[in-house]
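A.B. asks: This is the structure I want to talk about, given as structure tokens.
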Amino acid sequence: MVVLCVLLLIAAVAVFFVGRGRDGNGWKLGAAISALGGVLAGVFACVHVVNAYEVGVPVTFGKVGTPLTSGLHFKSPFTDVTSFSTRPVDLDLHDKDVVEVRSAQGGVLFADVTIKWTVVPSKAVALYQLAGTQEAIQERLVVPDSREIIRNVFAKHTSEEGYASAREQIGAEIETLVKQRLAPRGIDVTAVNLRNVKPSDQLQEQIDKKIQQEQATERAVEASRTAKAESEHKRIEAEGIARANKIIEQSLTDKVLYNQCLDAYKEAAKANPVYAVPCGTDSNGTPVIVDGTKKN
């Protein structure tokens, strides 16, 4: 804009002197228009508008000035203003940018992470000196620091914790450390979302084998528990039968057996009125004649 202003003013002067020795108002009008254009270009070169949700960093001959907030500002025509957005920026680390991490056991996992960050207006000058542009801030500061922290956090946990049981804890730890790392540099991290953690193919194969082994172990333990319960049941049943037999053995005398024998054959005598019952009770074992026709 400064160059344009100078060129227009030079053109105006040239047209004025060329047209001074000639008749007609065309030359004067051309000179006036060129002069007006030069003045307007100079005015615009001295004015800069910082859009809403932006902060501007003025640089004059290599010297960085005070940050410019949103609004209209007057500046030197030799001052360049670099703008930084203060809106949250989403940094998505997924697909080709996915973060490859290793667990404490050495297993490889792939973490999809979204980091929301924004420039702190009061630190815009420091960020300009560190990076230069909004894109450079993300590529030189946010991305490498975030990747380093994500890898370090996952390295403290097992593979199973990384993709399953401790994902929320790991995500919270990553968010805390990223905020602590980037805040002193003027980068405000508003959120870190650990969206997905996927094991590598090799790790997934190891996980499947471990699950199968655990299931086989559980089945073996259950079978052993069942066999032990059945063995205990049979032992208790055998002890009960033994105790019952012992009680019966102690209670069965000759007279008891004789009476039970008689009762049994009395029932049989209903079909056979008279028969011999081998239920002798004396030393000779004399049979007893039972007459089923008579009532005792």
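A.B. asks: Only one of VAL120, VAL55 is of a type in the set (A, V, I, L, M, F, W, C), closer than 30 Å to ASN196 by Cα and at pLDDT 85 or above; which?
C.D. replies: None of the others qualify; the one that does is VAL120.
A.B. asks: Go through (1) at pLDDT below 90; (2) of a type outside the set (Phe, Trp, Tyr); (3) within 13 Å of TYR128 (Cα to Cα); (4) part of a strand (DSSP E or B) one by one and return the number of the condition HIS73 breaks.
C.D. replies: (3)
A.B. asks: Moving to a separate point now. Taking VAL178 and the conditions (1) touching a strand residue (DSSP E or B) at 6+ places or on another chain (Cβ under 6 Å); (2) at pLDDT below 95; (3) within 21 Å of ASP95 (Cβ to Cβ), which numbered condition does it fall short on, given that it satisfies the others?
C.D. replies: (2)
A.B. asks: Also: Which numbered condition trips up ALA41, out of (1) modelled with pLDDT under 85; (2) under 30 Å from ASN152 (Cβ atoms)?
C.D. replies: (2)
A.B. asks: Is it the case that the range 133-150 has a residue that's within 12 Å of the chain's Cα centre (by Cα) and within 27 Å of TYR53 (Cβ to Cβ)?
C.D. replies: no
A.B. asks: Whether any residue in the range 143-164 is within 30 Å of VAL64 (Cα to Cα), assigned to a helix (DSSP H, G or I) and hydrophobic (A, V, I, L, M, F, W, C) is what I want to check.
C.D. replies: Within the range 143-164, one or more residues are within 30 Å of VAL64 (Cα to Cα), assigned to a helix (DSSP H, G or I) and hydrophobic (A, V, I, L, M, F, W, C).
The values are calculated or read from the model by the stated rules, or taken from the named source; none is laboratory data. For clarity, every value in this text was computed on a predicted model and none was experimentally measured. With ideal geometry, Cβ positions are generated from the backbone for all residues, glycine too; neighbour counts draw on all protein chains shown.
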